[in-house]
Amino acid sequence: MMLVLLLLGALGCMGFSPVGNGVNYGDSHYFLLRSMTDILEFHPDYNSNSNVTILWKKDDSLITSDRRFLMRGGVFVIHKLTKKDSGRYISLDKNLKEISTHTLVVRVTTKAFHREPGDRFSFTFNLEPDSCNVYFFPSSRPRMLENRIIQRGLLQGGPDELYCTGFKFLQPCGISNNVLQISCNGSFEIRDENDNTALAVSLEMKRITRTVTRTPGYNFNFTFNLGPNSCNIYFLPGGEDVQRDSAINLVYRGLLQEGLEDTGCNGFELLRPCGILNTAPQMSCNGSYEVRDQNDNTAIVVSLEMEAQPNFLSGIGVAVAVLSMFFCCCRKICGCGKSNSKEAQTETAAAEPERHSEPSGPSSDQLIEPSGTNYFSQPSSTLSDSLVHHHPYEDLPPSYSEVLLEAQQPAAPTADCDPEPKFEFKGMTFPSGPPLESDVYTSDKPNFL
C-alpha cells in the first residue's frame, strides 16, 4: 500500500493523466489502472497495420519483455518514450469489456537555430551512443536525399557528399560545428536504433551582408573563415541586381584568377583564408563581391560604393582668391586714410589767409640764424630786374635785397615736419661770404637814383 501511495505522488510530478496527452521523446509516463482491470491492450497509431499487443494480464506477469515497461500496484509505467509508443492504451475487465482508454502522443523534441556563416553550432540528446544516429537534410536538395553524419555513435566520412562539412561527434548523442557554412541550411534529426526520431533541429543560415564606402586609392579588403578548397569569390560590377551568369570570377577554389586587367577593376591580391585585398581601387570597382562555398551557396556579400575624390585644388584656389580680395580691401582702406590726411593738410593750408604785412625792419644789433644747417633755395635765373629793388630809405646790397624779397613771400602753414627753414632778420649785419646769387650784378660804386 505504501508503494502505491508513493507512485501516486510521483504521478502528479511526472505527467500522469487518465486522459490522452502529449509527452516528449525520452520522457516517462504513468497509467493508473482501475481495480477491475484484467487486461491492458496497446493499439499503436504510427502503424495501422500492426497488430494489437497485450501488455499485461491480471494475476500474471508482464507479457512484453521490454524493460521500459513496469507494473506496480495498479500503476503502469513506460520509461524512455519513443514515437512507437504513441497510441491507445485500453483497459478491459474479465469479460473483455472496455473500462477506460488512455491516448498517448509522443512528440518529437524540436529546436530551431538562426546562424550566420562562420558561427558555431551544436546540439545533443540523452541517447546512448550505440543508439545514436544523426541525419542532415539540406534545404537545397530533396527531402529523400538524406545524409548520415553519425551512425551508432561514429562520425561518418564523405564531406563533399554531405554539403556541410566540419562536424564533430558530441557526447552522448549530438554534433558540433565551429565554422558553419551557408550550405548547412536545412534540418537535422537524431534517431534511435529503431529509426524513431528523437530530436528534430532546424537551422536557418542567413548570409552576411556588408556595405563599404571608399574613394579611389584607399585600401579595400575583406576575408571570410572558409577553407581554401571551398573559397570562391565573384565580382558583380552592377551590384546584386546583375545576373549571376555575368559575374566575374576573382578567386576559384582558393586561387586568384588571371586576366583581370580586362575587367576594368584590377590590382587584387589573395587574403587567407578566403578574401581579397586591393590597395588602390578604381571607380570601376564599384559593385558587389560574393563569397560562395563549394556548393555555390553565397556566404557573404560585400557591397563596395566608390565615391569621387574631392577636388582639393579648387578649394585652394577659392581660398587664395578670398585672401587676395581681403588684402586688396585692406590696402585700399589704408591708402584712402593716408590720402585723406594729406588732403586735409592741403585744405588747411589753403584756407589760411595770406599775410601782406611788411616785415619789420631789421635792427642794428645782429642777424639771428635758426638752429641747424641753413639751406638757401637758389632763385631762378629768369628773375627780371624789377624784382631786385632798393629800400626807399636805405641803400641795401643786392644780396640782401634778394633775401628780403624771400622774407616778403606769404608765410606757409606752420608744421613740425616742414622741411623749409625759417629765417628771422635783425640789424644790418651782412654775411662775409660770397653773394647769395651769382646771377645778380653787383658794383663797388654807389648807386644813386
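Nothing in this text is a laboratory measurement; each read-out follows from the coordinates by a stated rule. Not measured: the values here are computed from a predicted model. Cβ sites come from the backbone with ideal geometry, for glycine too, and all protein chains shown count toward neighbours.
If I model a spin label at Leu154 and Ser139 as a point 7 Å from the Cα along the Cα→Cβ vector, what separation in nanometres do I get?
3.3
Loop only by DSSP, 14 or fewer other Cβ within 10 Å of the Cβ. Give me the trypsin sites (Lys or Arg not before Pro) in the range 169-276 that pass, ordered by residue number.
Listed in order of number, the matching sites are Lys206, Arg253.
Points 7 angstrom from Cα along the Cβ direction at Arg72 and Ala112: gap in nanometres?
Those two pseudo-labels are separated by 4.0 nm.
Take every Cα pair under 8 Å in the range 161-293 that's 6+ residues apart, average their separations, divide by the length, and report that relative contact order as a whole percent.
24
Below 9 angstrom from the Cβ of Val106, what's the summed charge of the other residues (Lys, Arg +1; Asp, Glu -1)?
Every neighbour counted, the sum reads +1.
So which GluC sites (Glu not before Pro) in the range 171-280 pass both tests, a DSSP loop state and at most 10 other Cβ atoms within 10 Å of the Cβ?
Details: sites: Glu189, Glu193, Glu204, Glu240, Glu258, Glu261, Glu269; in loops: Glu193, Glu240, Glu258.
Qualifying residues, ordered by number: Glu258.
Apply 1/(1 + (r/R0)^6) to the Cβ-Cβ distance of Thr64 and Glu204, taking R0 = 35 Å, and write down the FRET efficiency to the nearest 0.05. Walk me through the intermediate numbers first.
On the way: r = 41 Å, r/R0 = 1.18.
Result of the calculation: an efficiency of 0.25.
Arranged from highest to lowest average of other beta-carbon atoms within 10 Å per residue, in what order do the peptides 78-88, 108-118 appear?
Per-residue mean Cβ counts within 10 Å order the peptides as 78-88, 108-118.
Among Lys80/Lys111; Lys111/Lys168; Lys80/Lys168; Lys58/Lys84; Lys83/Lys111, which pairs are too far apart, with a Cα-Cα distance over 22 Å?
Lys80/Lys168; Lys58/Lys84
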